[in-house]
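The values are calculated or read from the model by the stated rules, or taken from the named source; none is laboratory data. Source: prediction; values computed, not measured. Positions of Cβ are generated from backbone atoms using ideal geometry, with glycine treated the same way; all protein chains shown enter the neighbour counts. Heavy atoms of the whole protein, side chains included, go into the accessibility calculation; ligands, DNA and RNA do not. Shrake-Rupley method; radii C 1.70, N 1.55, O 1.52, S 1.80 Å.
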Amino acid sequence: MVSVSLRPTAPSSDVVLRAIRASDPLDEDLVPFTALGFRQEAGQTLVVPSPAGIKAPVTVFVAIDDEPSLEDLRRAVAKGLRAAPAARHIVVDFGDLTDDQVAALAEGALLTAYRFDDYKGEKARQKADEKPRLDEVTLVASDAKKRELKKAVDRGVAIAEAVCQARDWVNTPPGDLRPPDFAAAIESSAAKGVSVTVWDEKRLAKEKCGGILSVGRGSEAPPRLVTLSYSPSKAKAHLALVGKGITFDSGGLSIKPGASMQTMKMDMGGAAAIVAAVNAIATLGLPIKVTGYACLAENMPSGSATRPGDVITMRSGSTVEVLNTDAEGRMVLGDGLAIAAEQQPDHIVDVATLTGAAMTALGAKTAAILGNDEYFEERVFAASQEAGEAMWRLPITEEVTSSLKSSKIADLRQIGTKPHGGTLFAAAFLREFTADIPWAHLDIAGPAFNEGGADDYIPWGGTGVGVRTLVQVATQLT
């Protein structure tokens with residue numbers, strides 16, 4: 001992991017990264033570069049030999065708006081780092097900064113520096129190690145000795161490290177992170193102050209978690225439910241987090257096309273996000289009780305797999321007519337939400353790579369927010385904006401609610417009667433298990449895995465989406 005430090009003056013380094021605001025007069029030395037297209041437009045970078053007096057051979061200028069948002073700053077530092085790929089030590093000197101701005105720069109730097117090469121062959125790794133690799137970022141602030149600024153750096157680092165942990169899990173090949181493996185990894189990663197319990201398949205049966213068991217029974221690797229608890233003294237609220245953790249989704253007997261399975265190692269991105277968020281909240285010492293439920297299963301076809309037409313009794317006692325085994329995420333989440341609701345927290349948020357329909361509605365980079373409480377949905381949306389994660393609210397309509405209860409042999413249908421509004425129907429299904437506790441559902445099917453090129457601080461592969469929003473929700477509730 002790249003180290004991040006805070007200093008009052010710039011030390012010697014390979015590169016200095018500086019910001020130019022839209023209204024700043026351009027230095028005389030930089031004016032000639034306007035002929036090459038440099039217009040001080042937000043996001044533009046300019047790489048030049050450093051002026052006299054700067055303790056680095058190269059300076060990267062990044063254009064930003066006059067009043068940049070925190071997300072603008074995260075992306076600005078990302079663009080600067082990507083403009084200097086051979087630097088080992090970069091100094092970021094953006095002038096006077098607030099606590100939140102310092103945290104955003106630290107966060108953006110670490111997220112940009114992320115890489116996942118654990119599975120490269122020895123020759124490829126040796127070749128990669130021969131290339132310069134960023135290992136130090138220094139943030140410059142004139143009042144660097146202020147306790148608040150130091151805490152801001154620590155906050156940015158803690159959140160970024162949590163996101164990177166979620167990314168690592170999502171990127172791990174599915175054969176190496178089956179439910180028992182993932183449960184063990186969660187246990188070993190627990191932050192100080194976080195207690196972990198694991199229910200195996202026998203305990204799940206005893207606890208009548210029919211939804212989780214129905215998804216996992218086609219696999220030789222049995223399902224797990226992992227509960228994480230962080231309970232500081234004088235907690236101001238109790239937040240429950242529930243995550244979908246399908247470590248590989250073949251679709252079960254309703255099997256997916258081969259091409260659609262190639263990235264299905266990412267179907268546990270919701271569980272990765274809630275676990276990482278609990279650990280970050282504990283590391284930050286936020287005065288809020290948080291309980292996380294990671295619902296882990298592998299959805300595979302076999303002679304013991306759940307069949308379309310089966311009726312499953314959920315933890316809540318409701319029965320569900322299964323009509324498509326590729327709609328498995330709502331089954332594991334139904335049990336997780338019911339268990340969370342039994343503890344009567346103040347709020348519940350679940351995170352899941354749940355529906356392709358969310359991508360149809362919002363594209364590949366925006367998550368959907370749905371829920372049962374308009375005020376809480378708005379708070380979650382505001383948290384996502386503060387965190388810099390693209391999300392948008394969708395409704396749960398009467399149309400899908402009536403379809404949900406139209407089964408002739410069970411309490412609930414697992415999928416809708418029409419091919420439209422799949423995201424809305426899935427959320428309506430989940431709402432049945434929330435006991436009217438203020439709840440928000442984050443469908444991260446699109447942004448959880450980036451199949452394109454790196455986008456500022458978003459790498460190829462697992463993105464860790466959801467972690468920053470959940471930490472911000474917890475912060476708001478305190």
| Which one of these does D176 not meet: (1) surrounded by 22 or more Cβ atoms within 10 Å (Cβ to Cβ); (2) more than 26 Å from L286 (Cα to Cα)? | (1)
| field | Test set (1) among the β-branched types (V, I, T); (2) within 18 Å of P11 (Cα to Cα); (3) open to solvent by 60 Å² or more (accessible area, probe 1.4 Å) - I90 fails condition number | value | (3)
| note | Sole miss for L30 among (1) of a type outside the set (D, E, K, R); (2) touching a residue at least 24 places away in the same chain (Cβ under 8 Å); (3) closer than 30 Å to G156 by Cα is condition (3)
| Is it the case that the stretch 268-282 has a residue that's part of a strand (DSSP E or B) and crowded, with 20+ Cβ neighbours inside 10 Å? | no
| note | When the stretch 236-267 is checked residue by residue, the ones that are surrounded by 17 or more Cβ atoms within 10 Å (Cβ to Cβ), small (G, A, S) and over 20 Å from the mean Cα position of the chain (by Cα) are S250, G251, G252, S254
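Is it true that R431 is open to solvent by 10 Å² or more (accessible area, probe 1.4 Å), in contact with a Leu (Cβ under 9 Å, 6 or more places away or on another chain), touching a residue at least 40 places away in the same chain (Cβ under 8 Å) and not hydroxyl-bearing (S, T, Y)?
Numbers: open to solvent by 10 Å² or more (accessible area, probe 1.4 Å): yes; in contact with a Leu (Cβ under 9 Å, 6 or more places away or on another chain): yes; touching a residue at least 40 places away in the same chain (Cβ under 8 Å): yes; not hydroxyl-bearing (S, T, Y): yes.
It is true that R431 is open to solvent by 10 Å² or more (accessible area, probe 1.4 Å), in contact with a Leu (Cβ under 9 Å, 6 or more places away or on another chain), touching a residue at least 40 places away in the same chain (Cβ under 8 Å) and not hydroxyl-bearing (S, T, Y).
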| message | Looking at the stretch 299-308 only, could you name the residues that are open to solvent by 40 Å² or more (accessible area, probe 1.4 Å) and either farther than 16 Å from I246 by Cα or of a type in the set (S, T, N, Q) (or both)? | response | S302, G303, S304, R307, P308
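Would you confirm, using the coordinates I've provided, whether F425 is out of contact with any Asp or Glu (no Cβ under 7 Å at 6 or more places or on another chain) and either open to solvent by 40 Å² or more (accessible area, probe 1.4 Å) or within 17 Å of A358 (Cα to Cα) (or both)? Lay out the reasoning, then the answer.
Details: out of contact with any Asp or Glu (no Cβ under 7 Å at 6 or more places or on another chain): yes; either open to solvent by 40 Å² or more (accessible area, probe 1.4 Å) or within 17 Å of A358 (Cα to Cα) (or both): yes.
In short, yes.
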| task | Go through the stretch 373-393 and give me each residue that's outside any helix (DSSP H, G or I) and open to solvent by less than 30 Å² (accessible area, probe 1.4 Å). | result | G388, E389, M391
| Residues within the stretch 356-372 that are open to solvent by less than 40 Å² (accessible area, probe 1.4 Å) and small (G, A, S), tallied | 6
| When the residues of the stretch 24-75 are filtered to those that are aliphatic (A, V, I, L, M) and assigned to a loop (DSSP other than H, G, I, E, B), which remaining residue is surrounded by the most Cβ atoms within 10 Å (Cβ to Cβ)? | A56
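Table: residues versus (1) modelled with pLDDT under 95; (2) out of contact with any Pro (no Cβ under 7 Å at 6 or more places or on another chain); (3) closer than 30 Å to T9 by Cα; (4) crowded, with 22+ Cβ neighbours inside 10 Å.
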| residue | (1), (2), (3), (4) |
| --- | --- |
| A144 | yes, no, yes, no |
| K151 | no, yes, yes, no |
| Q165 | no, yes, no, no |
| V170 | no, yes, no, yes |
| A190 | no, yes, no, no |
| K208 | no, yes, no, no |
| G216 | no, no, no, yes |
| Y230 | no, yes, no, yes |
| query | Among the residues of the stretch 450-470 satisfying the criterion of being crowded, with 24+ Cβ neighbours inside 10 Å and either charged (D, E, K, R) or not in a loop (DSSP other than H, G, I, E, B) (or both), which is nearest to the chain's Cα centre (by Cα)? | reply | V467
| request: Go through the stretch 311-350 and give me each residue that's in contact with a helix residue (DSSP H, G or I) (Cβ under 8 Å, 6 or more places away or on another chain) and open to solvent by 40 Å² or more (accessible area, probe 1.4 Å). | output: T313, R315, S316, D346
| task | Just one of (1) under 15 Å from V349 (Cα atoms); (2) in contact with an Asp or Glu (Cβ under 8 Å, 6 or more places away or on another chain); (3) open to solvent by less than 20 Å² (accessible area, probe 1.4 Å) trips up P447, so point out which. | result | (1)
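Does T353 count as in contact (Cβ under 8 Å) with a residue 60 or more places away in the chain and buried (at least 24 other Cβ atoms within 10 Å of the Cβ)? So that I can check it myself, show each step before the final result.
Numbers: in contact (Cβ under 8 Å) with a residue 60 or more places away in the chain: yes; buried (at least 24 other Cβ atoms within 10 Å of the Cβ): yes.
Yes; evaluated as a whole, the condition is true for this residue.
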| Condition test on E122, is it farther than 26 Å from L36 by Cα and open to solvent by 70 Å² or more (accessible area, probe 1.4 Å)? | yes
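Which of the residues spanning the stretch 218-228 are assigned to a loop (DSSP other than H, G, I, E, B) and crowded, with 24+ Cβ neighbours inside 10 Å?
Of the residues in the stretch 218-228, the ones assigned to a loop (DSSP other than H, G, I, E, B) are 218-223.
Listed by number, the list holds a single entry, P223.
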| field | Extreme residue, farthest from A368 (Cα to Cα), among residues of the stretch 428-443 that are of a type in the set (A, V, I, L, M) and in a loop (DSSP other than H, G, I, E, B) | value | A435
| said: All but one of (1) over 15 Å from L81 (Cα atoms); (2) charged (D, E, K, R); (3) touching a Ser or Thr at 6+ places or on another chain (Cβ under 9 Å) hold for D29; state the number of the condition that does not hold. | reply: (3)
| message | Which numbered condition in (1) open to solvent by less than 20 Å² (accessible area, probe 1.4 Å); (2) over 13 Å from the mean Cα position of the chain (by Cα) is the only one that T417 fails? | response | (1)
